[in-house]
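The values are calculated or read from the model by the stated rules, or taken from the named source; none is laboratory data. Just so it is clear, the model here is predicted, and its values are computed rather than measured. We place every Cβ from the backbone using ideal geometry, glycine too, and count neighbours over all the protein chains shown.
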Amino acid sequence: MSRTLQRLLVAGAAGFIGSNFVRHVRRTRPGVEIVVLDKLTYAGNLANLIEFESQKGYRFVHGDICDSGLVDALAAEVDAIVNFAAETHVDRSLMDPFAFIDTDVRGTAVLCEAARKHRHEVFLLVSTDEVYGHVAEGRSVETDAFRPRSPYSASKAGGEHIAHAYAESFGLPLLVTRGSNNYGPYQYPEKLVPVLVTNAIDEMPLPLYKDGSAVRDFVYVEDHCRAIDVVLHEAPAGGVYNVGTGVETNGLQVAEAVLDIMGKPRSLIEFVADRPGHDYRYALDISRITELGWEPQVTLAEGLERTVRWYQSNEDWWRPLKSGEYWEYYRRNYRPLVS
Ligand code: NAD
Ligand code: DAU
């Protein structure tokens with residue numbers, strides 16, 4: 001099947017993945033009109049979207065996905081919603097869970113309601129592999145039960161449950177992607193890869209929780225955006241798709257690779273107190289999305305190289321973010337390792 005969508009409401013696109021997705025769509029589908037809705041939280045940044053500002057067929061609206069009046073008015077103008085808007089950082093969810101419940105659960109419900117009311121062709125929810133929780137053995141398939149273990153992943157799972165309920169109860173034409181750990185340009189410097197890269201640029205310690213052995217599947221953000229685009233346009237309504245590479249890498253391996261690319265000493269690595277409730281392994285079975293013709297194109301080695309170069313060349317983007325509230329959060333979050 002193939003779907004033609006002329007007008008998209010992209011929520012949360014002033015953040016990392018959403019802004020990369022808008023860039024992908026503008027490049028590959030220049031005729032598609034895009035309205036971005038974003039609350040501009042600490043993680044939202046208009047600098048991520050500056051190149052589109054004066055372009056025809058692009059509009060930015062500053063607002064909250066929990067604002068049902070605003071969402072309803074914007075939904076009336078489009079064929080489909082793609083939702084990236086969320087509170088996204090696990091460590092912050094341990095400090096303020098309610099912000100996550102508001103946006104990731106209630107906000108998702110507000111979007112579902114508007115998509116249903118305006119009989120949209122499709123509603124795509126960008127979800128996460130974290131809904132499966134810690135995976136001790138094997139690989140998660142899309143039919144596995146949810147076992148979220150942090151306020152972040154529980155809120156994402158809650159939002160997904162609401163969306164599935166709208167599909168079952170009201171016929172909402174739902175699509176869901178469950179992506180693994182993204183990295184690449186424009187990632188706010190609180191997530192693992194940009195913390196490591198920006199700290200290494202400044203020769204600050206690279207903090208790894210416990211012993212750096214927790215395993216993730218790191219997918220380059222452009223590969224993830226291409227996958228979302230394929231699902232949006234090619235997948236039958238009701239589809240749920242894992243998106244990852246199938247490759248397992250731990251934090252220590254990522255830190256060592258970053259330092260090697262930058263020619264910096266491994267002595268910069270510092271083990272710190274563990275994240276409470278840390279999920280030590282995520283692993284995805286990606287066979288379902290490969291049946292749609294998608295596969296990852298960027299290896300971790302290549303993607304880390306590109307990411308390091310991007311942060312080295314774009315200090316004016318990230319340096320202003322590492323100030324004030326950022327360092328307050330940083331001091332609260334990182335504690336010495338007590339053995
Ligand atoms: P991000 O934190 O960089 O950006 C989130 C964006 O949402 C920001 O622009 C923020 O201002 C906006 N936002 C937050 N609350 C809002 C609200 N109430 N109304 C409107 N806008 C709001 O996040 P990201 O890393 O780009 O993640 C985007 C989506 O992808 C999220 O739904 C996340 O759960 C999911 N995801 C992320 C990853 C990852 O590795 N980063 C992996 C899989 C899935
Ligand atoms: O798996 C998808 C998820 O990936 C997304 O849904 C989330 O929005 C995104 O934040 C990310 O969650 P993680 O918790 O996996 O990502 P984070 O970058 O915070 O951490 C990755 C791993 O690295 C994890 O095992 C914790 C560890 N870590 C993280 C940070 C920030 C460290 O060891 N040191 C750090 O400083």
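Quick notes
- Index of the failed condition, Thr245 passing every other in (1) surrounded by fewer than 18 Cβ atoms within 10 Å (Cβ to Cβ); (2) among the hydroxyl-bearing types (Ser, Thr, Tyr); (3) touching a residue at least 12 places away in the same chain (Cβ under 8 Å): (1)
- Selection from the stretch 37-51 of residues that are surrounded by 18 or more Cβ atoms within 10 Å (Cβ to Cβ) and within 10 Å of Ser19 (Cα to Cα): Gly44, Asn45, Asn48, Leu49
- Of residues in the stretch 166-216 being within 12 Å of ligand 1 (Cβ to nearest atom) and part of a helix (DSSP H, G or I), the one surrounded by the most Cβ atoms within 10 Å (Cβ to Cβ): Val193
- Residue count, the stretch 193-221 (criterion: within 10 Å of ligand 2 (Cβ to nearest atom), closer than 13 Å to Val308 by Cα and hydrophobic (A, V, I, L, M, F, W, C)): 3
- For beta carbons closer than 7 Å, sequence separation of 6+ or different chains, a first residue in the stretch 274-289 that is within 13 Å of ligand 2 (Cβ to nearest atom) and at pLDDT 95 or above and a second that is of a type in the set (Val, Ile, Thr) and assigned to a loop (DSSP other than H, G, I, E, B), the qualifying pairs are Arg281/Val135; Tyr282/Val135; Ala283/Val135.
- Restricting the stretch 104-117 to residues that are over 17 Å from Glu168 (Cα atoms) and out of contact with any strand residue (DSSP E or B) (no Cβ under 9 Å at 6 or more places or on another chain), the residue that is farthest from ligand 2 (Cβ to nearest atom): Arg106
- Considering (1) more than 10 Å from ligand 2 (Cβ to nearest atom); (2) touching a helix residue (DSSP H, G or I) at 6+ places or on another chain (Cβ under 8 Å); (3) not in a helix (DSSP H, G or I), the lone condition that Gly138 does not fulfil carries the number (2).
Quick grid of which residues meet (1) under 30 Å from Pro173 (Cβ atoms); (2) over 23 Å from the mean Cα position of the chain (by Cα):
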| residue | (1), (2) |
| --- | --- |
| Arg226 | yes, no |
| Gly238 | yes, no |
| Val243 | yes, no |
| Gln253 | no, no |
| Ile261 | no, yes |
| Ser267 | no, yes |
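Conditions tested, residue by residue: (1) within 12 Å of ligand 1 (Cβ to nearest atom); (2) not in a loop (DSSP other than H, G, I, E, B).
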| site | (1), (2) |
| --- | --- |
| Val10 | yes, yes |
| Ala14 | yes, no |
| Val25 | no, yes |
| Ala43 | yes, no |
| Ile50 | no, yes |
| Arg59 | no, yes |
| Val71 | yes, yes |
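- Filter pass, Glu256 being surrounded by fewer than 18 Cβ atoms within 10 Å (Cβ to Cβ), more than 11 Å from ligand 2 (Cβ to nearest atom) and part of a helix (DSSP H, G or I): yes
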